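The values are calculated or read from the model by the stated rules, or taken from the named source; none is laboratory data. Keep in mind the model is a prediction, meaning the values are calculated, not measured. Because the Cβ atoms are built from the backbone with ideal geometry, glycine has one as well, and the counts that use them run over all protein chains shown. Just so you know, the surface numbers come from the protein's heavy atoms only, side chains and all, with ligands and any DNA or RNA stripped out. Shrake-Rupley method; radii C 1.70, N 1.55, O 1.52, S 1.80 Å.
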Amino acid sequence: METTVLPAPGADDEAAFLAAYPAYARTAAIDELRAAEFSRVDAQGEIYLDYTGGGLYAASQVRAHAEQLLTRVYGNPHSSNPTSLRASELVERSRAHVLRYFNASPDDYVVIFVNNASQALKLVGESYPFDGRSTFLLTFDNHNSVNGIREFARARGARTVYVPVVPPDMRADAAGVLERLDSLASPAANLFAYPAQSNFSGVQHPLDWVARAQERGWDVLLDAAAFVPTNRLDLGAVRPEFVVMSFYKMFGYPTGVGALLARRRALEKLRRPWFAGGTITVASVQADRHYLAPGAAAFEEGSPSYLTIPAVDIGLSLIESVGIDTIHARVRCLTGWLIDALSTLRHDNGEPLIRLYGPAGTEARGGTLAMNFYDRVGRHLDHRAIEQQANRERISLRTGCFCNPGAGETALGLSKGELDSCFLRSTPRMTFDQFRICIDPKSSGAVRVSVGLVSNFADVRAMRNFAAQFLEWDDGPEDC
Ligand SMILES: Cc1ncc(COP(=O)(O)O)c(C=O)c1O
């Protein structure tokens, strides 16, 4: 067995952390909130480090929602009887709250309630007026639900252009982005999509790309799903045509509700490929015609989730009571400490245990860390083994590629040739595991940890101590 130098965990860690990150002390209200409203986390001994996967909810959110449901009667808002009017009122209260929360003027933006960010993205993709002159421009580190829009673009003859991100920081070269934005050949409909925060690397791309793209004639689709849980998004200052999000990522409950925030004038540009209950003012079978409803209604297909949408109002109130800037400050401190703590874990020969895929500082990055583990001679430790061990210790982290193949391919150094050779095999379909084995059974994924709303120092220290045990792991004989 190798001799390793384990860091000495203990109370000193916390004192050193507090000294290094004095801003953390100003977020103490979150400790009180965690004790009062999230006590189930510590009572169950859970170390929750998957906030980018899904946020956690406060007990009071569920109680307030249950109270709402248990004390009144609600009907489908598509009717206009007393129970449906009551449901409509609560849905509209949530809609107005979303606009207020993001400082979006109701004259400029509408809120379209959907099931999740993916459905919001699909609404944009299927309705955007791509044609043979259009370009769909996007960064490499988009979530698959953004990447999927390229299929709509392709079907209408538009070209898709990706802007690479560059390791180890995983940022896009800003000059390269502007160059591509400048290269707009045609005044047709052109769409630029990027994540305000990458769900892989935690990189926060500049929000000023929005105005720069718009000045050059682009419409902008901002994927804010991983950004809004811990960052302020001010739609009075930055005004993309389309913004998507899932509310469970912000405040845990309810699942099944997301939003497309769209600028009114951009909405007019969209062409709905079909109509459904709720999206029209009139449709006729015999005349074979229909009129779309104005604004958000044209996009909310079928009955809205009228019993869960009201819980968005409750969730936003919780975030407001804590303050998004307080949440942001706390996440920034914990992220900074965790990056440093993981980076200083070294094998006895000085080789790093962990390679981080993303910025090594807290500037323009969120609390999402993607990494892989290596032994003392630089051999990769299988991320699935790391996950199994985490599961044994009740640490909830995530492994794989996090639905972000472009960032994954870049981080892991996979070339187009390698990927093509697996896709071009004569199998009609491949499972993820078959594909992984085709590429390289070991290095086709990463480990992701993410902090959020009620993370505390004990959580990140647990992660550092968990990671340190792998200094003693040996992944196999050196010459295999
Ligand atoms: C950046 C980003 N975009 C889009 C999504 C898709 O969100 P949902 O699965 O809620 O549709 C996610 C989910 O993790 C995400 O992190």
Summarise the long-distance tail of P(r) for segment 260-403 by giving the % of C-alpha pairs beyond 20 Å.
71 percent
Here the percent of antiparallel bridges among DSSP beta bridges lying wholly in the chain, to the nearest 5, is 60 percent
Which whole-number percent is the relative contact order of the chain (Cα, under 8 Å, 6+ apart)?
22 percent
Across 5 Å bins beginning at 0, the whole-percent shares of Cα-Cα pair distances in segment 134-257 come to 2, 11, 21, 23, 21, 12, 7, 2, 0
How big is the chain in terms of Cα radius of gyration and Dmax, in angstroms?
23.7, 82
Rounded to whole Å², per residue accessible area for the chain with a 1.4 Å probe reads 44 Å²
Report the full-extension gain for the segment Asp208 to Asp12: residue separation times 0.36 nm, less the Cα-Cα distance, to one decimal in nm.
66.5 nm
Which value in deg cm²/dmol, rounded to the nearest 500, describes the helix-derived mean residue ellipticity at 222 nm for the chain, given -39,500 (n - 2.57) per DSSP H run of n ≥ 4 and division by the residue count?
-11000 deg cm²/dmol
How much of the pair distance distribution for segment 71-150 lies past 19 Å, counting alpha-carbon pairs only, in percent?
59 percent
Length gain on complete extension for the stretch Ser39 to Ser415, per 0.36 nm per residue less the alpha carbon to alpha carbon distance?
130.8 nm
Going by a ≥ b ≥ c, the root eigenvalues of the Cα gyration tensor, does segment 105-177 fall in the rounded group (a/c under 1.5), the prolate group (a/b larger than b/c) or the oblate group?
oblate
Over all directions, average the projected area of the Cα convex hull of segment 289-346 and note it in nm².
8.1 nm²
Rounded to the nearest 10 Å², what accessible area does Leu267 have for a 1.4 Å probe in the complete protein model?
20 Å²
Pop a pseudo-label 7 angstrom from the Cα along the beta-carbon direction at both Ser321 and Glu363 and give the gap in nm to one decimal.
3.8 nm
Once amide H atoms are built 1.01 Å from N in the peptide plane, which residues 5 or more positions from Leu292, or in another chain, come under 5 Å H to H?
Thr281
Per 5 Å bin, what is the whole-percent P(r) computed from every C-alpha pair distance within segment 353-480?
2, 9, 18, 21, 19, 15, 9, 5, 2, 0, 0
Full extension between Gln388 and Glu126 adds, at 0.36 nm per residue less the Cα distance, a length in nm of 90.4 nm
Modelling each spin label as a point 7 Å along the Cα-to-Cβ direction, I'd like the Ala293/Asn76 distance in nm, to one decimal.
1.2 nm
Going from most exposed to least, what order do His143, His65 have by accessible area with a 1.4 Å probe?
His143, His65
